[in-house]
Structure formats: C-alpha cells, structure tokens
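The values are calculated or read from the model by the stated rules, or taken from the named source; none is laboratory data. Model, not experiment: these values are computed from the prediction. Cβ placement follows ideal geometry from the backbone for every residue including glycine, while neighbour counts extend to all protein chains displayed.
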Amino acid sequence: MGVFEILTAWFVLSLTGALAPGPLTAAVIMQSSKHGRLHGILPMVGHAVVEVGIIAAIILGVQALTISPLLIDVLIGFGGVVIVLFGVLALREYRYREDEHSEEAKTMTASSVIEATAQGAAVSILSPYFLLWWFGVGLANVTVLVGSLQIGVGTVFLAGILIYVTHVSTDFIYGAVLTFGTDVATKKARIGDINWACVVIGLVQIGLGIWFVLLAAPGLLSVLI
C-alpha cells in the first residue's frame with residue numbers, strides 16, 4: 001500500500017479509540033456545558049499531549065514493553081477511583097450560576113485553560129479505555145506503520161509525525177462535533193437552574209469508575225490475601 005492508503009487505514013482504526021465512550025468524552029461534555037464550546041475542546045488538547053509521548057515512546061523502541069496482569073489491575077483500579085472523583089466534581093456543578101453563560105464567564109483565563117487541558121490529560125492517562133486501546137490496538141499497529149511509512153516518506157521522524165497527526169485528527173474531529181453539539185443542546189434543553197448535562201455526566205462517571213474498581217478488585221485481592 002502507498003502512504004495515503006496506509007494513513008487512511010490508520011485514520012479509520014484510530015476512530016475506534018476516539019469514538020469509544022469514556023471519561024474523556026465526559027470531560028469534553030462537562031467543560032462544554034459549563035464554560036461553552038471553546039473550553040469543550042481543551043480536554044482533547046491534553047489528550048493529544050499525552051499521545052505525543054506514547055507514539056514517541058513506541059517509535060523509540062518501547063514497543064517491546066509488556067505489563068503484567070497485576071499492573072493492569074492496579075491501573076484499572078486506580079483509574080476507576082480517579083474517574084469517580086471526576087464524577088463527584090461534575091455533580092458539584094449541578095446548578096447553573098446566574099452568570100455562567102454570560103460572555104465574561106465564557107472568556108478563557110489561564111486557570112480555566114490549564115484546568116480543562118489538565119483534566120483531558122489526567123483522564124487519558126488514567127482511563128482503562130485509553131490504556132487498553134493503546135496496548136491492545138495502537139502499540140502493534142504503530143510499530144508496523146512506522147516500518148511501512150518509512151519506506152514511502154524516507155525517515156522515521158516524518159513517519160512518526162504523519163502517524164501522530166492522523167491519529168489525533170480523529171480525536172479533534174470527534175471533540176469538535178461533541179462540544180458543539182453539547183453547547184447547543186445545553187442551551188436548548190435547560191430546565192430550571194439544574195445543569196442536567198453535569199448531573200448525567202457525573203453519575204455516568206461515578207458508575208464507570210465503580211465498575212472499573214470492581215473489575216480490578218479480584219486480581220488485587222488475590223495478591224493481598
């Protein structure tokens with residue numbers, strides 16, 4: 001296959017990760033419903049920063065990295081706890097403030113940008129969805145893609161850039177559609193002073209987090225007992 005065909009196949013494969021429901025989706029919806037569409041895309045920026053390191057590590061030779069079942073359980077359990085905490089934070093925003101949707105409230109500040117971007121990075125690193133996708137799908141495919149693309153583009157560095165840009169483009173396309181839709185829906189579906197988007201997202205994240213903790217519990221208990 002040529003370079004275009006390879007990248008097209010990688011784009012389609014990357015969509016399986018971008019479209020998976022999980023805490024990153026929840027972060028985008030929460031930020032968009034709370035601060036507006038400009039903030040909604042920031043968690044994807046944090047997510048993209050994390051993926052720079054992952055793809056760079058794979059290209060530099062960490063593709064041989066393996067993780068033990070115990071470490072997987074630890075990551076899933078710890079990630080579950082963090083997701084529950086983000087759910088609790090979302091529930092704390094269950095009421096609209098009077099000035100929440102004013103132009104001043106939607107203005108980006110350094111602290112709001114850092115908060116939203118850091119949330120995207122944190123839920124990416126600690127999300128079992130994210131970890132399982134990269135170890136189960138991304139790792140092997142990036143390793144093969146680098147070898148295939150290097151022939152067509154001449155250098156590993158350029159191959160890595162093409163792989164990264166193609167992959168994160170799916171995240172930003174999905175994030176843009178999601179945050180725009182959430183912003184519009186939040187304005188049209190507002191009932192009273194309850195921010196139902198944050199309520200639903202909070203409950204979903206708490207449910208997901210508890211499920212992940214319960215999923216990891218048998219493996220962790222077998223080591224402790």
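Before moving on, here are some points about what is shown:
- Filter pass, LEU24 being at pLDDT below 75 and under 27 Å from VAL199 (Cβ atoms): no
- For region 124-147, the tally of residues that are surrounded by fewer than 19 Cβ atoms within 10 Å (Cβ to Cβ) and hydroxyl-bearing (Ser, Thr, Tyr) stands at 1.
- Taken over region 154-182, the criterion of being farther than 17 Å from ALA56 by Cβ, hydrophobic (A, V, I, L, M, F, W, C) and surrounded by 14 or more Cβ atoms within 10 Å (Cβ to Cβ) is satisfied by PHE172, ILE173, ALA176, LEU178, PHE180.
- Only one of the listed residues (SER124, SER169, SER148) is modelled with pLDDT of 80 or more, in a helix (DSSP H, G or I), closer than 14 Å to LEU13 by Cβ and of a type in the set (Gly, Ala, Ser). That residue is SER169.
- Taking region 1-48 as the range and being crowded, with 21+ Cβ neighbours inside 10 Å, among the polar types (S, T, N, Q) and closer than 30 Å to VAL153 by Cα as the test, only SER14 passes.
- Per-region count, region 9-29, residues in contact (Cβ under 8 Å) with a residue 12 or more places away in the chain and over 15 Å from VAL200 (Cα atoms): 10
- So ALA56, is it surrounded by fewer than 19 Cβ atoms within 10 Å (Cβ to Cβ), among the small types (Gly, Ala, Ser) and in contact with a Gly (Cβ under 8 Å, 6 or more places away or on another chain): yes
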